[in-house]
1. Taking the options A:Tyr243, A:Tyr226, A:Tyr247, name whichever one is within 23 Å of A:Arg2 (Cβ to Cβ) and buried (at least 17 other Cβ atoms within 10 Å of the Cβ).
2. Which residue is nearest to the other protein chains (Cβ to nearest Cβ), if the candidates are limited to the range A:203-248 and must be farther than 21 Å from A:Ile105 by Cβ and charged (D, E, K, R)?
3. In the range B:4-42, which residues are in a strand (DSSP E or B) and of a type in the set (Val, Ile, Thr)?
4. Looking at the range B:67-77, is at least one residue at the interface with another protein chain (Cβ under 8 Å from one of its Cβ atoms) and either in a strand (DSSP E or B) or of a type outside the set (Val, Ile, Thr) (or both)?
5. Do we find that B:Pro100 is exposed (fewer than 11 other Cβ atoms within 10 Å of the Cβ) and touching a residue at least 60 places away in the same chain (Cβ under 8 Å) in this structure?
6. Tell me, yes or no, whether the range A:80-89 has at least one residue that is at the interface with chain B (Cβ under 9 Å from one of its Cβ atoms), touching a residue at least 24 places away in the same chain (Cβ under 8 Å) and either within 28 Å of A:Ser193 (Cβ to Cβ) or charged (D, E, K, R) (or both).
7. Pick from the range A:36-51 the residues that are more than 10 Å from every other protein chain (Cβ to nearest Cβ) and part of a helix (DSSP H, G or I): which of them is farthest from A:Val195 (Cα to Cα)?
8. Of A:Ala75, A:Ala28, which residue is at the interface with chain B (Cβ under 9 Å from one of its Cβ atoms), in contact with a Phe, Trp or Tyr (Cβ under 9 Å, 6 or more places away or on another chain) and either at negative phi or surrounded by fewer than 19 Cβ atoms within 10 Å (Cβ to Cβ) (or both)?
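The values are calculated or read from the model by the stated rules, or taken from the named source; none is laboratory data. Owing to the predicted nature of the structure, the values given are computational and were not obtained by experimental measurement. As a convention, Cβ positions derive from the backbone with ideal geometry for all residues, glycine included, and neighbour counts pool all protein chains shown.
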Amino acid sequence: MRFKTLRDLPREELFAPGHRMCAGCGAAIAMRWVTKVLGPNAIVANATGCVEVTTTPYPETAWMHPYIHVAFENAAAVASGIEAAVKALRRKGRWTAGDTKVVVIAGDGGTYDIGLQSLSGMLERRHDVLYILYDNEAYMNTGIQRSGSTPKFAWTTTTPVGAAARGKVQWKKDIMGIVMAHRVPYAATASISHVLDLANKVKTAAEVRGPTFLHIFAPCVPGWRYPENKTVEVARLAVETGYFPLYEWDHGKLRLNPPSNNHLDKSKRRPLREFLNVQGRFNHLTEEEVAELERELDSYWQYLSKLASISS
Amino acid sequence: MTLPGASQLPIGAVVTEPGSTRRNTTAGWRAYKPVIHDDRCVRCQLCWLYCPEGTIVELRGVFQIGGRKYDVKYEVVYDYCKGCGICANECPTRAIEMVPEVV
């Protein structure tokens, strides 16, 4: 059963307040909705990252689920082990908790860079695990260092802006392409600005048997340099300018979700400038650099439209 | 806060109380506090939806506002509100006002 309106969404809060995430944190909105939709019967393996550091200041925890914190590189491997253990106990009739879902929560550093091998292994071994990536486009809690997810020309502390350098040199890695190449049954992108879409994707991904992947766009107030009340606005602009398209890869078919399904036509997308202008990390961009980002975005959309038409 | 000794900790020093960050109120973080003007609220639920802390709670009941009747009402739990202002920014009817905290 899908959530049709906001009134259908679960009311029970399963992510305790009092955690130390920044005011206006995008990942906090993502975690709140992920835990609400998953319900209480889930086990969480959390890679090191913003969410881990801020939600578990010893001896406290914001989590209401059975929770394990593991290193950056092995969250997916640990979740694989948990899933195998649950399966073995169930086979022996000693698992009484019913249909428990094993979930990984990792940031972009723990997914794009350091945790990529364990994620790939988990997908390849076909563990029944839901992998949730909250993407804030840099290593934020250690002080805004660039990651494989940081977009080109973005300022970070390790990709400074000045006469010799213009922010990050490389393009953002296409993590969804890597995941889809593992022929997973279900993978999707979601944004904290489109909560109903996000909730339905968490639900679908939790119900599908086998490895599933969710890429959640979560803006970061200190790292992206925008006022803290604009988090949802920035996330919405990312979707509406086409910078972060919402789509799902469902058993070999690529489907664009509203509002991104209209964005194959470039004129339906808002100008990329609107997304870049609200963020301080893009303050230094010149007209040519914006044009370069726009060209890359167009070619990304062409790739997506090919993928959608081939698979349908 | 007195910390437990090494022999008093559970094995693996696991945290045994779920949701225990509730002990830590974050009210002191904010400079502005959101105030919901109920007469302007149209119950779109967006503030409740987007609050990163889950501090906007939904109350059930019968609420008579002017000539209109609603079955829900939204209120802020000020113990945990960090004052980010997302609720006020997203509110379509500008029913949420950010008021400076006075010490």
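1. Numbers: A:Tyr243 fails: within 23 Å of A:Arg2 (Cβ to Cβ); A:Tyr226 fails: within 23 Å of A:Arg2 (Cβ to Cβ).
When all the criteria are applied, what remains is A:Tyr247.
2. My answer is A:Glu228.
3. Restricting attention to the range B:4-42, the residues satisfying the condition of being in a strand (DSSP E or B) are B:32-36.
B:Val35, B:Ile36, listed by residue number.
4. The initial filter retains those residues of the range B:67-77 that are at the interface with another protein chain (Cβ under 8 Å from one of its Cβ atoms), namely B:77.
Among the residues that remain, those that are also either in a strand (DSSP E or B) or of a type outside the set (Val, Ile, Thr) (or both) are: none.
No; the residues of the range B:67-77 include none that is at the interface with another protein chain (Cβ under 8 Å from one of its Cβ atoms) and either in a strand (DSSP E or B) or of a type outside the set (Val, Ile, Thr) (or both).
5. On the way: exposed (fewer than 11 other Cβ atoms within 10 Å of the Cβ): yes; touching a residue at least 60 places away in the same chain (Cβ under 8 Å): yes.
Criteria met by B:Pro100.
6. Of the residues in the range A:80-89, the ones at the interface with chain B (Cβ under 9 Å from one of its Cβ atoms) are none.
The answer is no, given that none of the residues of the range A:80-89 is at the interface with chain B (Cβ under 9 Å from one of its Cβ atoms), touching a residue at least 24 places away in the same chain (Cβ under 8 Å) and either within 28 Å of A:Ser193 (Cβ to Cβ) or charged (D, E, K, R) (or both).
7. That would be A:Cys50.
8. Working: A:Ala75 fails: at the interface with chain B (Cβ under 9 Å from one of its Cβ atoms).
After ruling out the rest, the residue left standing is A:Ala28.
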